[in-house]
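For reference, the structure discussed in these notes is given below.
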Amino acid sequence: EQPIREAPATADAFLAGKVIVPPGIAMFRRRSVLEAGPFDPAWQIVGDLAFYVSIMKVARARSHDEFTVAYRRHGGNVSWRGSEAATLRELLAYLDQERRATTDPVRLEAIEVGRRYWTRRFWRSMVTWSIRSALGGRPRAAIDSAAMALRTAPLRFLGGGPRASDSP
């Protein structure tokens, strides 16, 4: 039997993209939720991340190795619908909001690491989605994904050398 133990989940780890918790598998103490504040409905795609970060700012996480939920991919999943550009746009906006709200150098570094991580994670799929949308007769989705891919493209893909901020 695995004991419940301290988890590496902190607000900074979530912001850096080092901890990803699918919605529905976390439990929170009522007092932590009340202290953190309500779920912010302004975040349509990354609301779970924003909520987890708000909880991690006021509470510690615990974890165990038991399977408690099965994650099913289906047509209703945000990631399945091909909304990578919208997801990245909202992730970066959320990270920008967090950056404006802090002066803590450790948190600021975690946010920058998160911006690089999420941009790299979504960039190639945005390019693919843009092509699939264009071929599928969805020009608006193709243009949106292509524009976001170009705005967030690592410099090396646009013919330049690597930037210091591109390193892991």
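The values are calculated or read from the model by the stated rules, or taken from the named source; none is laboratory data. Values in this document were obtained by computation on a predicted structure and should not be read as measured data. Because the Cβ atoms are built from the backbone with ideal geometry, glycine has one as well, and the counts that use them run over all protein chains shown. Note: areas computed on protein heavy atoms with side chains; ligands, DNA, RNA excluded. Shrake-Rupley method; radii C 1.70, N 1.55, O 1.52, S 1.80 Å.
Key figures for this structure:
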item: Additional length obtainable on full extension of the chain from THR102 to ARG151, 0.36 nm per residue less Cα span; result: 15.1 nm
item: Sequence of LEU95, LEU135, LEU49, LEU34 when ordered by accessible area, the most exposed leading, probe 1.4 angstrom; result: LEU135, LEU34, LEU49, LEU95
item: Two-site label geometry, SER63 and ARG120: point separation in nm, points 7 Å out along Cα→Cβ; result: 2.0
item: Estimated FRET transfer efficiency when R0 is 45 angstrom, pair ILE131-LEU34 (beta carbons, to 0.05); result: 0.45
item: Protein-only accessible surface order, largest first, of PHE28, PHE14 at 1.4 Å; result: PHE28, PHE14
